[in-house]
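Data block below; observations after.
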Protein chains: 4
Amino acid sequence: MQSLLDNIYQEVFPMLGQGKVADYIPALACVEPRQFGIAICDNEGNVFTVGDADVPFSIQSISKVFNLVLAMNHYGEGLWDRVGCEPSGLPFNSLVQLEYENGIPRNPFINAGALVISDMNQSRFASPHLAVRDFVRRLSGNPEINADRIVADSEFEHRARNAATAYLMKAFNNFENEVEDVLHSYFYNCALEMSCADLARGASFLANRGYSQCGEEQILSPKQTSQVNALLATSGMYNEAGSFAFQVGLPGKSGVGGGIIAMVPGRFSICVFSPALNHMGNSALGVAALTSLTKHIKWSVY
Amino acid sequence: MQSLLDNIYQEVFPMLGQGKVADYIPALACVEPRQFGIAICDNEGNVFTVGDADVPFSIQSISKVFNLVLAMNHYGEGLWDRVGCEPSGLPFNSLVQLEYENGIPRNPFINAGALVISDMNQSRFASPHLAVRDFVRRLSGNPEINADRIVADSEFEHRARNAATAYLMKAFNNFENEVEDVLHSYFYNCALEMSCADLARGASFLANRGYSQCGEEQILSPKQTSQVNALLATSGMYNEAGSFAFQVGLPGKSGVGGGIIAMVPGRFSICVFSPALNHMGNSALGVAALTSLTKHIKWSVY
Amino acid sequence: MQSLLDNIYQEVFPMLGQGKVADYIPALACVEPRQFGIAICDNEGNVFTVGDADVPFSIQSISKVFNLVLAMNHYGEGLWDRVGCEPSGLPFNSLVQLEYENGIPRNPFINAGALVISDMNQSRFASPHLAVRDFVRRLSGNPEINADRIVADSEFEHRARNAATAYLMKAFNNFENEVEDVLHSYFYNCALEMSCADLARGASFLANRGYSQCGEEQILSPKQTSQVNALLATSGMYNEAGSFAFQVGLPGKSGVGGGIIAMVPGRFSICVFSPALNHMGNSALGVAALTSLTKHIKWSVY
Amino acid sequence: MQSLLDNIYQEVFPMLGQGKVADYIPALACVEPRQFGIAICDNEGNVFTVGDADVPFSIQSISKVFNLVLAMNHYGEGLWDRVGCEPSGLPFNSLVQLEYENGIPRNPFINAGALVISDMNQSRFASPHLAVRDFVRRLSGNPEINADRIVADSEFEHRARNAATAYLMKAFNNFENEVEDVLHSYFYNCALEMSCADLARGASFLANRGYSQCGEEQILSPKQTSQVNALLATSGMYNEAGSFAFQVGLPGKSGVGGGIIAMVPGRFSICVFSPALNHMGNSALGVAALTSLTKHIKWSVY
């Protein structure tokens, strides 16, 4: 496993310098682009790393996975009345489809869907903005995980489009709490800082039929685990989901902070980090590393 | 395997009567709805059947898979300049996205995409309308397979929306041949009549890393095979692709004739047939049978 | 003129009972539907009335006209960089077009456009929410005009869609002030209560090449007056603008409170009030009365 | 009147060289751009001209006006079941709205609407493609008017988008005849060649309450005449209709051949010709000349 990681790292390293760091908020724009790390957590709980695998980074949209799983633990099938499970076919932050489809987001990984899930968690938890943080601490066994408040505040200041999205759902009666309150929790979750090793551990239950070695508990049933992976496979990579399935063939979720988690069900979870993004908003080296991975293991879920 | 099939059949049979036969052309509207059959072809080439598994039916959109694979055999990566590999998020016959995206269809399984693929095959073959027929004969080892000319002619007569689609692509210079000629070939392919057993055999190479036991030849490389399955998983079931992945978790392709093929990669291909459709246009009992299948085998690709 | 009014009133009165009062906020839903009044103000400043012409009602979207004229008095041609002058072709509160067109609303009479104009006035006036009120007091010579605070507060409470619209424009950098502040001013303007007589007087400058008899001042230049009338003619009646032009043929603006103002340029302004709305959201008797008007005077602008 | 024309001509002439000749078909691309003519036909039947007012040019979309009037003469109010009277808000040849609105075009001046009108005339006339030609010959008193077959054939060859539009309407059951047949008639009408003088005479009934001095007959009732002018005012200038109303304030219709007709109701009709188009597809000098006109006469319909 370590030599697999080393091979991928060597193969992809020369691409360092490609892509462009996210700059929609100042706090993210100043991240050093020349970082690259990978971590694997296998189903026995062993962690293998290479490069900048212990550097904490802003997990951004990867938080949507933990956000969803947390809500699945507290809501039954009813969750799916408020959000769909179909690919959207449109940019992650588009309002067009949301208006045509009466405020029901296509899936939990576009912004609208993640905001609905946040609204559900907001209704459920005493300290809503800490609920996801505490959950990922438990899943990755790292009690030091925290959000970067400067990033969270900067995102709130640039909240206009997400606020528009939330208010549009409110207009369709698909939003219960105050928009500003939910946005605070949502941005706090996006601003969580985790390393590749943290995320590989934290997501490992998705490769392990729902059982977290690290947390020593069943997080989701095997069936629910397949469902989350199915959603990730069809909608986890923004508008690149189809070509990511075509090229890599693993369930995965990316964030504009430069992280991507992916699952090889039954075997291991993997997290790659490199801040420079391709034109679809996914980590350039991250996609390349996962492409290299499935080439080396000669296996994809398909 | 036979007892698996029998269990599924028993479990789903009581649903017979649900759904509604496709009626957009008269020739399909008069199909007897109370039919139900399943066939499995494992990677050793054994075929197991239950119910109406030997009744030929109109394969309709399932032909899009063979159409694509045939084109992949003749065109290189260049094929993907003319058609994408992303889910569309819109009804299979919508023109909206096609106009916004300058005549490049989202994927080969929406009508626009299949028409582009047909246009490519039209440019390549001496007898374009027979090319797909001969290909499926070879793949399923059944030289008797033919199209139902009444169905093909009826579809041509009701060609207006497909003609609009093809002309719109022509307006964007993404269509080479005469629209009417390609439509004739396209409808001929849709009107091919095959049984569950034919289709399970015909699609088995997709579960077998590209190797057809029946045809005794490598049809696609293992990598290409994964790619076709990835496309099927993200876009094979019309607007139900996401919930089919969520619920069933196998690459599959449905047709309005009531057939669905699905693949359990590395193990077997399966074809279910029952003409009554659910509100998304997929065979009601077909979806139920495949849901039952993954429940019984406790396995999905995710 | 009085007999013209009487004839129209008699002709249309039997329709009383048709249509449905706006019910999107509780405060409007309880308005008595069986009210009907008309007032004309000719270019000599004479006012003719019939029926409930002195009953104050919620002017709602009619305020968009005064809002725009006020902004035209303070901003030059630059106003048109932030809002267009084309019909929208979509419902008055749709976000779809706004997203496709980068946050520049099609015209000042859809909600998005009126919100941008409110944002401009917000930047300009010391007491922004009173600016339009004071302007209409002056134009109609009635210092008693005020907003109904219950209506304004109720609209603010149900602000979700307008908030979404404003935030979406903010995301495109076409909104300067705090969304909530501008919404307060905007709803205050919508909640102004005026009678047919007030409105006929208040809008008379639009029929009089920009000169207000009542205010004894030139409000707009003759050219600007034609421009406002042109905008009203192409976009003043929600999605019924085209058929209103086709059928009535006068520049006009309606509000969901049941009022419609219309101009016969060079001769007189008219205001009709009846709270029950047709399915396009315009006063049912109002549209009928104006249709009757152009039939009787055998004249339309076309 | 002659001095008015001369003044406009002098004022606008220096702009010659601006804009770009239509090039979507080869036959139009080679038109000499440096042409400029104006003709006015007053309600007494006097014709005044300046510049290239007697040069025949391809009337293109101006034919949609005659096409509509001809159909209004043969169909009653039922015509409006198959086409609307609202501005579209989208490019003249877009299919998006047509799909959302079930094949009913927004108005008779977008391509979809003109094709439906052509379909109606096709069902009615023995020699459909000659019906409009004979009508304009009568209206303008010029029996020499003919279509340029090379232009008509070239448009048919590049018919893809119009064919897509017609087939889409056929799919919604809003098209009766064979698509190819109607397209032949439609393109024949577009390829009619008329001079400014021909068109000013031909359209004069629209400025004269429906009475044609030249044809010595009532073409439309005064009410119908206002209706056609209302449609032209809201939808006659492609996506520039709103700003044309804002800036010029007359009912008008443009064609990509470089002609624009406009009406000063009660006084005269005018036709301007100059082949180079602005970025909205309307004659650059044509729009400028009409802007100059309403400035000089200090009058617009608003």
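The values are calculated or read from the model by the stated rules, or taken from the named source; none is laboratory data. Just so it is clear, the structure is predicted and the values come from calculations on it, not from any experiment. Don't worry about glycine lacking a Cβ; one is built from the backbone with ideal geometry, like all the others, and counts go over all protein chains shown.
Things to note:
- Within region A:257-268, considering residues that are under 18 Å from A:Ser58 (Cβ atoms) and assigned to a loop (DSSP other than H, G, I, E, B), the one nearest to the other protein chains (Cβ to nearest Cβ): A:Gly257
- Scanning region B:236-258 for residues that are touching a Lys or Arg at 6+ places or on another chain (Cβ under 9 Å) and of a type outside the set (D, E, K, R), we see that the one that is farthest from B:Val21 (Cα to Cα) is B:Gly242.
- Taking the numbered list (1) assigned to a loop (DSSP other than H, G, I, E, B); (2) over 19 Å from the mean Cα position of the chain (by Cα) in turn, B:Val55 passes all entries but (2).
- Cross-chain or 6+ apart pairs with Cβ under 6 Å, region C:220-232 first and part of a helix (DSSP H, G or I), then of a type in the set (Lys, Arg): C:Pro222/C:Arg209; C:Thr225/C:Arg209; C:Leu232/C:Lys253
- In the condition set (1) modelled with pLDDT of 95 or more; (2) in a loop (DSSP other than H, G, I, E, B), A:Glu11 is compliant with all but (2).
- Just so you know, in region B:246-256 the residues that are within 11 Å of another protein chain (Cβ to nearest Cβ) and within 16 Å of the chain's Cα centre (by Cα) include one that is nearest to B:Val301 (Cα to Cα), and it is B:Leu250.
- Flag if D:Leu206 is of a type in the set (A, V, I, L, M), more than 8 Å from every other protein chain (Cβ to nearest Cβ), part of a helix (DSSP H, G or I) and under 26 Å from D:Ser292 (Cα atoms): yes
- Qualifying residue in region A:136-154 (condition: within 14 Å of chain C (Cβ to nearest Cβ), of a type in the set (Gly, Ala, Ser) and either surrounded by fewer than 23 Cβ atoms within 10 Å (Cβ to Cβ) or closer than 16 Å to A:Ser61 by Cα (or both)): no
- Hits in region C:147-199 (condition: aromatic (Phe, Trp, Tyr), free of Cβ contacts under 8 Å to residues at least 24 places away in the same chain and outside any helix (DSSP H, G or I)): none
- Whichever residue in region B:269-301 is touching a Phe, Trp or Tyr at 6+ places or on another chain (Cβ under 9 Å) and either part of a loop (DSSP other than H, G, I, E, B) or more than 17 Å from B:Met15 (Cα to Cα) (or both) and, among such residues, is nearest to the other protein chains (Cβ to nearest Cβ): B:Val301
- Taking residues in region C:23-52 that are among the basic types (Lys, Arg), and partners anywhere that are crowded, with 18+ Cβ neighbours inside 10 Å, the pairs with Cβ atoms closer than 9 Å and at least 6 places apart or on different chains are C:Arg34/C:Ser274; C:Arg34/C:Pro275; C:Arg34/C:Ala276.
- Selection within region A:69-126: residues that are at the interface with another protein chain (Cβ under 10 Å from one of its Cβ atoms) and in a helix (DSSP H, G or I). The member of this set that is surrounded by the most Cβ atoms within 10 Å (Cβ to Cβ) is A:Leu98.
To keep it simple, each residue is scored yes or no on (1) among the charged types (D, E, K, R); (2) touching a residue at least 12 places away in the same chain (Cβ under 8 Å); (3) within 18 Å of A:Pro265 (Cβ to Cβ).
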| position | (1), (2), (3) |
| --- | --- |
| B:Phe246 | no, no, yes |
| B:Cys271 | no, yes, no |
| B:Ser274 | no, yes, no |
| B:Ala288 | no, yes, no |
| B:Lys298 | yes, no, yes |
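- A single member of B:His184, B:His129 is of a type outside the set (Val, Ile, Thr), surrounded by fewer than 23 Cβ atoms within 10 Å (Cβ to Cβ) and either at pLDDT 95 or above or within 21 Å of B:Pro26 (Cβ to Cβ) (or both), and it is B:His184.
- Within region B:25-47, being acidic (Asp, Glu) and not in a loop (DSSP other than H, G, I, E, B) holds for one residue alone: B:Asp42.
- Residues that are closer than 28 Å to D:Pro26 by Cα, modelled with pLDDT of 95 or more and among the acidic types (Asp, Glu) do not occur anywhere in region D:79-99.
- D:Ser226 being surrounded by 24 or more Cβ atoms within 10 Å (Cβ to Cβ), at negative phi, more than 7 Å from chain C (Cβ to nearest Cβ) and among the polar types (S, T, N, Q): no
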